[in-house]
Amino acid sequence: MSFRRKGILSFALFIGIITIVLLLLVSCLPSAEYGTEEEADAAAPYLITAAGGQPELPAVQADELPAEAEPVTVPADVPTVVPEAVPNAIPGAELEQDSNVGTTLFHPLSEDTKPVPSSVTTNTYVPIVPPKNTGKTSSKVSIPVLNYHSVAIDPGNIVVISPDKLEAQMAYLHDHGYTPLSLEAFIRLLEGDTSEKAPEKPILLTFDDGYIDNYEQAMPILAKYGFPATLFVSPGMTEQDGYLNWEQIKKMQAGGWDIQPHGMSHPHLPKLTADEQAYEIVEARKLIEEHLGTKADIFCYPYGERNKTTLKLLKQHGFRYAFTIDQGYATNEQSPFLLKRLFVNGEEDLHAFETQLLKRK
Ligand SMILES: [Zn+2]
């Protein structure tokens, strides 16, 4: 073969190879355009990068958004979605994203639900069914319950407070924003009933034993401030010297006082038999209910004394709560039959009263 002939053949072979390569390239072009899923996933512009730098949500092209609001689907292996990042990944689709698709990324807001943190993934999205609004809350409730007895002038007797001191204490409560409660309002608060707005500083005023000075001295002072109170009375002692009679008790009830039992004869309950205790507890309630026509199922232990039998009897006879003279605020974490109170020492000054009220929580 001559050198010239070799040159012609080589040129023809070169042209042939070029032609084949060009044909191959042309035939490959469509497969590059409609590449495999893996190839598409690998394409950088299709990925959203979250704050953490990890590939996140495959972008939804603006023109791919369905006319109807449908959720953005997220592959199961995508760990975190930052909802805020989605609109940025869909230029021109912000409005639609906000008004439609975006709503699938957040739980609905209502009184009972909170905004969902942005770290919550859409693939783990579970709609929160708002809890039934029972009007109850399980958080701690703590309310001071003041424990008074007689209101008179009797120097040296700590269970007797002078009318002037009582007046000063009521003025203090009024000026410092306290809201004395009716017994039922106190119980509703203690039970977590949120159907009414709770006062900022609730307080319960209680008077033990049923002294006649509660009617003559305490009632007018409390009435001046519009304060309700609770009276724990021993019906066996009514009508006796120094004690209230039923007419006075009825007037106190009409004036906003709740009347509840304190044992028939103000006994030392643990020293009595079960039957004797039952009589003291149940008869006292019965007489109050008969005279006043209202429920008297909140007990107060005379001298603060009780034993297991006492507690059993209260439960057995349907009492709802019982107050002790154990010192402290009454809370919903205490046994309903062991509610604490704050003893008001009639010999102490207003500063001591304030200190006790603020410190005893
Ligand atoms: Zn008493």
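Taken together, the values in this text are just the output of simple stated rules run on the coordinates, not laboratory data. Everything numeric here is computed off the predicted structure, so don't read it as measured data. Here the Cβ is made from the backbone with ideal geometry for all residues, glycine too, and neighbour counts use every protein chain on show.
Taking label positions 7 Å along the Cα-Cβ direction at both Lys308 and Glu216, the computed distance is 4.6 nm, reported to one decimal.
Less than 5 angstrom separates the built amide H of Leu342 from those of Val145, Leu146, Asn147, Gly328, all sequence-distant by 5 or more or on a different chain.
For a Förster distance of 25 Å, can you work out the FRET efficiency between the beta-carbons of Asn157 and Leu338, rounded to the nearest 0.05? About 0.40, to the nearest 0.05.
Test of understanding: express the Cα radius of gyration of the stretch 143-359 as a ratio to 2.2 N^0.38 Å, with N the residue count. Present the calculation step by step, with values, prior to reporting the outcome.
Working: Rg = 16.3 Å, N = 217, 2.2 N^0.38 = 17.0 Å.
Computed over Cα atoms of the stretch 143-359, the ratio equals 0.96.
For the stretch 212-348, the relative contact order is 18 percent, taking Cα pairs closer than 8 Å that sit 6 or more residues apart in sequence and dividing their mean separation by the residue count. Pairs with C-alpha atoms separated by more than 19 Å, drawn from the list Lys201/Lys359; Lys165/Lys224; Lys140/Lys359; Lys140/Lys197; Lys165/Lys340; Lys251/Lys295, are Lys165/Lys340.
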